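So the structure is just underneath, and the comments pick up after that.
Read-outs: derived from the displayed coordinates by stated rules, not from any lab. Values in this document were obtained by computation on a predicted structure and should not be read as measured data. Cβ atoms come from the backbone with ideal geometry, glycine included; neighbour counts cover every protein chain shown.
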Amino acid sequence: MTGSPATITDDPDDTGTVVGQGAPEPGSAGSTRPPRWLPRALLMGIVAVFVGIFAWHALGALESLWVAVLIAFFLSLALEPATVWLVRRGWRRPAAAAVTLLGSLTAIGAVMALFGNLFVQQVVALGRTLPEYYETLRTFVLGFVDLPLPERDDLVGQGLDQFGSDLAASALVVGSALLSGLFWSITILLVAYYLLAAGPRFRRAVCRWVPTGHQDEVLHLWGVVQRKVSDYLGTRLVLAVISTIVTCVFLLILRTPYAFPLAVFVGVVSQFVPTIGAYLGGALPVMVALTGQGAWQAGAVLVFVVAYQQVENLWLAPMLSERALEMNAAVSLLVVLAFGAVFGALGAFLALPIAATIQAMATTYLQRHELIESHMFSDPEDRWVAAG
């Protein structure tokens, strides 16, 4: 059966549309109307942009919180072996975590109390002798160059006039910084305690979100991170002991007072305070030598601190990191520099355990191939050894 022929309208404005076939669909080749999905797509795009902007600002606002959580996580990993040691001897997990954490804090507090009084005494003594050192330096400089250096009393007056008006504002800023630091320290300790006290329960909670076939990989990765953090802290302890011994020997040779406690302070601070720890730890023995002995001895201590840090940073620390973390010495040095440049002091401190973890993951999951025979893979034998 043949269908009825299409009817053509006689309207002069008609464009030739065939009646019965209907107008073209919106968005098709012959239609001038936009597709029906376009408004919804535009709305979703606008919403996605605003959500992205909000998420970006939220992440920026929560940056300090993420840093605190990261520090607490690494702290819990570092204290996990000691906590497990107590649990194996019959301690309940929360009590073992509390004792481990409080014991670490007590040790740190003892070190600070041991050197706090010494530090305050030396600061007071240095403040009393600074005018005399300035006058000596002024006389020495004026003996060679005619410079308009102010008198000692005039210099003190100028300092009071210039900084006295900003004293209240500076005190407010320092007080706010101290309160903020105390708040974040308490936050880090609480999060670290909760992670330590949870222990296996926390790992079970994480693995419940992972498919059964991949839970072994997650637990393996967890163990690798914990082992690398423990090895890293062990390396820092070894470096602290070496720094303490070498510094103590040098200060004893120089007959600097309080040689042993000063050496312990240098060893601990230089290894566990990121970036500025080496110079912060070396400032105290320089100050003691300056106030208790003289400018020559203080200069010798300063030169020793700088020289030892170069030896440690360029040779000793990379060598120990290579053995403990199974990482090439050059790679460990570059990793610390790179993480410090991108993430600041915290990045420099956590660079090695993070890089060692990434390297362990690559070794585990990336395919490695057998090597061909080539003379490029080994050094040539000594001809004298070969002849013997």
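Show me the ranking of peptides 94-101, 261-268, 305-312 by mean Cβ neighbours inside 10 Å, starting with the highest.
Numbers: 94-101: 19.0, 261-268: 23.1, 305-312: 15.2.
Packing proxy ranking, top to bottom: 261-268, 94-101, 305-312.
Evaluated on the range 214-366, the Kirkwood hydrodynamic radius is 16.6 Å, with distances taken between all distinct Cα atoms.
Each listed q (0.21, 0.26 Å⁻¹) maps to a log10 I(q)/I(0) for the range 29-113 from the Debye sum over equal C-alpha point scatterers, namely -1.01, -1.16.
When you count the other C-beta atoms within 10 angstrom of each residue and take the mean per peptide, 37-47, 293-303, 214-224 line up highest first as 293-303, 214-224, 37-47. Counting charges near Y194 (Lys, Arg +1; Asp, Glu -1) among other residues having Cβ under 14 Å from its Cβ returns a value of +2.
Placing a pseudo-label 7 Å from each Cα along the Cα-to-Cβ vector at L42 and Q215 gives an inter-label distance of 5.1 nm. In the range 214-366, taking the dipole from charged Cβ atoms about the Cα centre, the farthest positive-side position among A283, V238, L352 is held by A283. Here the label points at L65 and R208, each 7 Å from Cα along the C-beta direction, are separated by 2.2 nm in the simple model.
Peptides 203-209, 68-74 ordered by packing proxy, namely the average of other Cβ atoms within 10 Å per residue, highest first: 68-74, 203-209.
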